[in-house]
Structure formats: C-alpha cells, structure tokens
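What follows is a short report on a single structure.
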DNA sequence: CTATCGATGTCGTCG
DNA sequence: CGACGACGTCGATAG
C-alpha cells in the first residue's frame, strides 16, 4: 500500500461527473490498484476514489496545467467501464509504501456468536463427558471458536458456522494443523458445527477426520430459556 | 491526519459484533477522531471503522493480551452510542502525522437532473412529432419529470431515472393513475426513460402499457455539444 | 428534529 | 455473471 500526502485537485467522470478543488489530502493506493482520496474528516467514505479493477498511469501535465502548478497527473482508469479519475498533484508532502500482505478479513459474530455462546453452555451436545476449555481460544492465525476436552481429556477444536461450507472446513483444518504442532495439546480432533452443512463441506470434513455436528438453534435457545427460568 | 501502519487485530461491538484477526493494516486517524482500518485491497470501505463523533484512548494491554504480543490497545468509543472499536497493536511499522486543513469538498454535476435537461432539449428522441410541455410538471403527489405531447397531441408523462428499477415504474404508475383522472389531460400514456432498465422493471412497465426508453447519456451529451457548437 | 430517498452506494447470497 | 436484498449503510433534503 502506498500512502501519499499531497496538495491536489481531482476530476471524476463515469456514472457522474465531479471535481475536487485544490487542497491537501491523503491518497491511498492499494495493491490491487484502487485509489482513495481522503480528507481529514467525515465518514469512512473517501471524497473520491476508483474501485478495482483499475490501472494507474502517471503522465506529465499539459503545459497549461503546468503553469497552474500541476507537477504530475495520475490517471486512474477502470478496466471494465469508462470510469476515470484524474488527480492533479501540485505538491507531494509525503510518499511512503508498505507491504501489507493478504488480509484474513472481517469476521462477523451475529448468529454465529450466539451459536458459540449456546454451544459453550450446552457443551454436552458434543457428547457425554465433554467439558469446555474456553471460547475464542487464541492462536497465531486467529481464535478457535470453542476449545473443549472429550470424556478422555483429549483436546477438541470446534468451528462454528451458521451455514457450513467448504471454506469453514478449510479454516478448521488450518487451526487443527497448527494446534497439532503443539505437543501440550496434540492430538487435537475437530468438530465442524453448523445450523446447516452443505454436502460438499460434509464430504470434505469427514474425509479429513473432522466430525460434523448439526446445531438446532431453536432447540438450543429453548434449552437456554428453560435453564434460566428454572435456576 | 495520522496514518499508522501496524500489525494489529481488532474487535467491534455496536450494531453488530465482529473481529479482525491479526494482520498488517493501515490505520487512519482523522482530525475529527474517526478511525479507519484499511487492508491492501477491496473497495473504499474500510475493514472496520469508527465514525465521528468519537474519542480514542490508548490503554495498556491486559497481561494475558500482552503475552500474546499486544503492545498497546486503542479503544475508540463513539460519543452518542455504545459503539466501540478496540484495536490491539502488536507492532507499529510506521506512524506519521500531517496537517491537512479543511477540505472544500466534492463538487458534483448532477446526472438525473442532467438527463432530464438533455431529454427536454432532445424531445424528438421520444419519437417523431413529440413536443415538450414542461419539465417538473406539478401534480398533487409530486412533479412529473417531463410532460410532453405526441404527434397526435396526446399527453405523455415521462419518468427519468439513471437506473430504471421497479420502484421507478411504481412511481410513474401513480402519476399516470392520477393524471388520467383529469378529463382535460386523459388519456395520458407513460414513458419510462433510463440509462439502464432492469428486466423486472421492463416487464412490469410493459405489462402496464408503459413504454421503456433507453437513454444514451454520452450520445445525448455529444448531441448537445454539437448543437451548441453549431449555433 | 424525524422521515424519506438517492448513491460513482458496497457487499453478500443465490440462481 | 446478473438479479436481489441487507447494510454498523451514509448523506442530503423536505416537512
């Protein structure tokens, strides 16, 4: 990612036409070529931007623009439409670049969080003698939803999804691979728990020795209500 | 504006709960206190953020977090709600600050308004012998974008959208129903004009006897340029 | 102030 | 790939 602080002006043409008068702004150029022009306030929405896929090209300014103080022009062109963003750079105050790598992305804990909470309380749903170690068990590549021990005291890593698909199985597989390198924990077995498990995900999981567990959300909520009412 | 490049993890609680696993990201702290967490790809939307008004507070990590490598925690709290963003900073790779000043903001050239203007000038695009009655023709439930007459002198109500979807057809239908109650105007036919018309909108419109007209914005702009250059 | 609507909406899911 | 609905929607405008 490249971050440039510069006095600049900009023009956008595409679904509409718009322009930005000269001011000092932060320009973010992402690895996929997308460009964001941010001011020092407002919401998360940039003043102007170009979404990927797009390409950026540095061109010399027209003589007339050069006279107005434009040192360099960035032409950002979308690859699938005729959307185009042109940035007139008048003065670059800072220009830095950093290698960020791929991002694992945001994990939303909606129903999934509630399922996790319920299963942590009703850990016996996993089988007789199961006990909870902790929720959000930390690892270097992210937290495991639930860590438990079975009746024999062996570790069990549980990945919870609302809808169980292949990527969830892959995620659990990565956790298991990592956890099984730890001699204090190994052997760690896996449980893929979801309200709904797609056939392909089930096949992949079982092929890897991961147990699949269908969760009855309504039933679990009912059990919770019952226990809170009784005790 | 402060720009920090750091290996970090984050948690958000508010309208939903979500977390970001550890990764290297760009953190933007704006003058109004708002915070944006960007990855090196995707669109202009940050992975996570806090909108103003909000306050940021640096706190020391819990001992347990410290063991996991958390050097510093940023707690960003919204001032009017209980939205909260916590960022675990593991390693700060860069931390810079720049004075940007107030931004004059984006200046837009309207699109729907421009389409209306262009079609009013180029009313012959509707068909031979069409004439303009007026733009923004007033009715009790709001103005009709363009009122025209066809070659036979019959009234035609035109609804203009950039993207024609079902709600636009519904809107025009309401106008037509009202206008056709007026014996001085009736019968009034309808034209749904847009740069792009969704299939469902087209089906609905044609089922109701409303004609669909695709508008070529670029072409219309070109025609305008030509006429202004010629005369 | 709230209600409504448009957006360079963006983002997921499903067919 | 395209349609459809949800969004931590955001933001402007009318009432």
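Taken over the stretch A:164-186, the residue count meeting the criterion of being in contact with a helix residue (DSSP H, G or I) (Cβ under 9 Å, 6 or more places away or on another chain) and either assigned to a strand (DSSP E or B) or surrounded by fewer than 21 Cβ atoms within 10 Å (Cβ to Cβ) (or both) is 8.
Residues are listed down the side, and each one gets a yes or a no for (1) modelled with pLDDT under 95; (2) within 16 Å of DNA strand C (Cβ to nearest atom); (3) surrounded by 13 or more Cβ atoms within 10 Å (Cβ to Cβ); (4) facing chain A (nearest Cβ under 7 Å):
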{"site": "B:90", "(1), (2), (3), (4)": "no, no, yes, no"}
{"site": "B:96", "(1), (2), (3), (4)": "no, no, yes, yes"}
{"site": "B:102", "(1), (2), (3), (4)": "yes, no, no, no"}
{"site": "B:109", "(1), (2), (3), (4)": "yes, yes, no, yes"}
{"site": "B:112", "(1), (2), (3), (4)": "yes, yes, yes, no"}
{"site": "B:117", "(1), (2), (3), (4)": "yes, yes, yes, no"}
{"site": "B:125", "(1), (2), (3), (4)": "yes, no, yes, no"}
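Given the structure, is residue B:154 in the same structural domain as residue B:127 (by TED's automatic domain parsing) and within 22 Å of residue B:131 (Cα to Cα)? Considered against the rule, which asks whether it is in the same structural domain as residue B:127 (by TED's automatic domain parsing) and within 22 Å of residue B:131 (Cα to Cα), residue B:154 comes out as yes.
Taking the condition of being within 14 Å of DNA strand D (Cβ to nearest atom) and either modelled with pLDDT of 85 or more or within 14 Å of chain A (Cβ to nearest Cβ) (or both), how many residues in the stretch B:162-178 meet it? Result for the stretch B:162-178: 1. Looking at the stretch A:20-27, is at least one residue surrounded by 14 or more Cβ atoms within 10 Å (Cβ to Cβ), more than 9 Å from every other protein chain (Cβ to nearest Cβ) and under 20 Å from residue B:43 (Cα atoms)? The answer is yes; a qualifying residue exists.
Kindly evaluate residue A:57 against the criterion of being within 14 Å of another protein chain (Cβ to nearest Cβ) and away from DNA strand C (no atom under 12 Å from the Cβ).
The answer is no for residue A:57.
Summed over the stretch A:197-215, the residues that are exposed (fewer than 13 other Cβ atoms within 10 Å of the Cβ) and either in contact with a strand residue (DSSP E or B) (Cβ under 6 Å, 6 or more places away or on another chain) or part of a loop (DSSP other than H, G, I, E, B) (or both) give a count of 1.
Taking the stretch B:29-51 as the range and being touching a residue at least 12 places away in the same chain (Cβ under 8 Å) and either more than 16 Å from DNA strand C (Cβ to nearest atom) or more than 7 Å from chain A (Cβ to nearest Cβ) (or both) as the test, the residues that pass are B:29, B:30, B:31, B:32, B:33, B:34, B:35, B:37, B:50. Tell me yes or no: at least one residue of the stretch A:141-157 is within 16 Å of DNA strand D (Cβ to nearest atom), under 26 Å from the mean Cα position of the chain (by Cα) and assigned to a strand (DSSP E or B). No: the stretch A:141-157 contains no residue that is within 16 Å of DNA strand D (Cβ to nearest atom), under 26 Å from the mean Cα position of the chain (by Cα) and assigned to a strand (DSSP E or B).
Hey, any hits in the stretch A:79-95 for a residue that's touching a helix residue (DSSP H, G or I) at 6+ places or on another chain (Cβ under 8 Å), within 13 Å of DNA strand D (Cβ to nearest atom) and closer than 24 Å to residue B:47 by Cβ?
no
The values are calculated or read from the model by the stated rules, or taken from the named source; none is laboratory data. Everything numeric in this text was worked out from a predicted model, so none of it was measured. Heads up, the Cβs are rebuilt from the backbone with ideal geometry, glycines too, and the neighbour counts pull from every protein chain shown.
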